Each structure stands twice: as structure tokens, then as C-alpha cells.
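A.B. asks: Could you have a look at this structure, given as C-alpha cells, before my questions?
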Amino acid sequence: MIELRQVWKRYSGHHSRNWVLRDINLCIRQGDRVGLIGRNGAGKSTLLNLIGGMDHPSRGQVRRDGKLSWTLGLNGGFQGALSGEQNARFVFRIHGVPDQEIAERTNFVHVFSELGDYFFAPMKTYSSGMRSRLAFALSLAFRFDTYLVDELIAVGDEKFKKKSKKAFEDLIASAGLIMVSHDEGTLKNFCEKGILMSNGAAYWFDDIADALSEYKKSINA
């Protein structure tokens, strides 16, 4: 379970100290598949980062039970001077994968990403699409209780996109999901419940369709 109690968040900057999130109270149960919906700048990615522990609230508490993924859809954090293989092995080690499993998981990433010999080349030579394919393949090599997704983008040719979509569906079949997306079809396909972000507040909906309907009303008002 993920619980947010009286969570407030703001970023101190030169021009503004406005609150991004205001008094958020949420309870997301293990296995819930939730879509985060709202306008640009509504605080969706901020909330996702607080849930995942990549950021911390200015006030309030975030409590987590279970194993949460890093944010899928983002491919930062790789070391450009290291190869894809070396980066993969490093990620496995820092996440506590047993030594005897690292070679097998690294080979899975190599095969799934379809990077060929580039897998052994420095990542500073990669295109953005190649980095995304590596990051996606790496995320498939782990099993989490809840997956966090920020605008997951399918990359590669149609065959690779189809393979990736099927792999992701299989991955979350028995896990929870918290997803930021502006695509209605994606949200309806992967999510059952919704959180609408508006003016720093978060509104819970038991049905993703109701959340999307309310969002459309708000942007047409």
C-alpha cells in the first residue's frame, strides 16, 4: 500500500515559491492500476516522483509497502562512458541482484533491446531511441509490486513496438501500476482507477472513465 498524508510540495526558485501540491491525502492499494490525469503543470510528475521516493514532500508523509520500480519512460542516469552492458550490470548490482543471476539478466537485456553490437559500445554513441530501448529492456528484467510510468513511449519499428507492448502487459498483469499519460487510449488500456490533478489538489476516482470524463469537463469549462 502507498499512503500520502497531508502532503504539500513546492520548489524554491528565483521567481516563485508557489505550492505545486496542496494537502494531498491518498491511499493506493497494492495491485491498483491508477492513471494520473491533468493539464501540463498540474503536478502529475511531481506526485509520481514523491510516490517513488525520487523526491520528498515539503510537508506531510509518504508511506510505502512493497517494492516500487524506478520511473519507466525516463532513461536518464546512465553513464555515457560505459557500454550498455556495463550500465546494465551496474544497475543489477545496485538493486541487489545476486551475482549468479547477473549474466542471465544482462543477456536478456541484450536480446530484448535488439541493440546488437551497440550493446557493448559506450552509451554516449547511442541515439535517444537506443537509450530508450535499453532502459525499457532493463526495466523488464526486474519484478516489482508496483510500476511507475511517466509517459511511456514505444520506440523502434512496428515489430519492436508490438513486442514491447505485449511484454509490458505481461509485466503488469500481476502487479500494480501508477501511470502518467496524456493519451486516453493508453490510460483506458492499462488503468482501472484514476487520480485527477487540478490546482494542486488530487481527486480519486474508482473508475478511470469517470476521471477522464471529469478532466474533459474541466478543460472545456
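The values are calculated or read from the model by the stated rules, or taken from the named source; none is laboratory data. Predicted model, so just to flag it, every value in this text is computed and none were measured. FYI the Cβ positions are ideal-geometry reconstructions off the backbone, even for glycines, and counts take in every protein chain you see.
A.B. asks: Pick out, from the stretch 1-60, the strands (runs of 3 or more DSSP E) lying fully within it that include 2 or more residues that are of a type outside the set (D, E, K, R) and closer than 20 Å to H182 by Cα.
C.D. replies: Strands (runs of 3 or more DSSP E) meeting the threshold: 19-28, 33-37.
A.B. asks: Let me ask something additional. Among helices (runs of 4 or more DSSP H) lying entirely in the stretch 125-221, which contain 2 or more residues that are exposed (fewer than 15 other Cβ atoms within 10 Å of the Cβ), on the phi > 0 side of the Ramachandran plot and assigned by TED's automatic domain parsing to the domain that holds H95? First the steps, then the outcome.
C.D. replies: Numbers: elements: 128-140, 158-172, 184-190, 208-220.
No helices (runs of 4 or more DSSP H) qualify here.
A.B. asks: Provide a single number: the residues in the stretch 64-112 that are part of a strand (DSSP E or B) and either modelled with pLDDT of 95 or more or hydroxyl-bearing (S, T, Y) (or both).
C.D. replies: Total satisfying the criteria: 3.
A.B. asks: Any idea which of V97, V91, V7, V34 is closer than 21 Å to E214 by Cβ and among the β-branched types (V, I, T)?
C.D. replies: So the residue among V97, V91, V7, V34 that is closer than 21 Å to E214 by Cβ and among the β-branched types (V, I, T) is V34.
A.B. asks: Applying the selection to the stretch 52-82, what residues are in contact with a helix residue (DSSP H, G or I) (Cβ under 9 Å, 6 or more places away or on another chain), surrounded by 18 or more Cβ atoms within 10 Å (Cβ to Cβ) and not hydrophobic (A, V, I, L, M, F, W, C)?
C.D. replies: P57, S69, T71, G73, N75
A.B. asks: Further question: Can you tell me which residues in the stretch 1-48 are surrounded by 17 or more Cβ atoms within 10 Å (Cβ to Cβ) and polar (S, T, N, Q)?
C.D. replies: Those that are surrounded by 17 or more Cβ atoms within 10 Å (Cβ to Cβ) and polar (S, T, N, Q): S45, T46.
A.B. asks: Would you confirm whether or not the stretch 100-120 contains a residue that is closer than 15 Å to Q79 by Cβ and not charged (D, E, K, R)?
C.D. replies: yes
A.B. asks: Still on this structure, I have one more. Take the residues in the stretch 116-149 that are of a type in the set (S, T, N, Q) and touching a residue at least 60 places away in the same chain (Cβ under 8 Å); name whichever of them is nearest to S45 (Cα to Cα).
C.D. replies: Checking each candidate, the answer is T146.
A.B. asks: Looking at the structure I just gave you, is S113 in contact (Cβ under 8 Å) with a residue 24 or more places away in the chain and closer than 30 Å to L212 by Cα?
C.D. replies: The answer is no for S113.
A.B. asks: In the stretch 183-198, what count of residues is obtained for those that are without any contact (Cβ under 8 Å) to a residue 60 or more places away in the chain and either aromatic (F, W, Y) or more than 21 Å from W70 (Cβ to Cβ) (or both)? Give the derivation first.
C.D. replies: Within the stretch 183-198, the subset without any contact (Cβ under 8 Å) to a residue 60 or more places away in the chain is 183-186, 188-189.
Filter once more, so that each one left must be either aromatic (F, W, Y) or more than 21 Å from W70 (Cβ to Cβ) (or both): 183-185, 188-189.
Counting residues in the stretch 183-198 that are without any contact (Cβ under 8 Å) to a residue 60 or more places away in the chain and either aromatic (F, W, Y) or more than 21 Å from W70 (Cβ to Cβ) (or both) gives 5.
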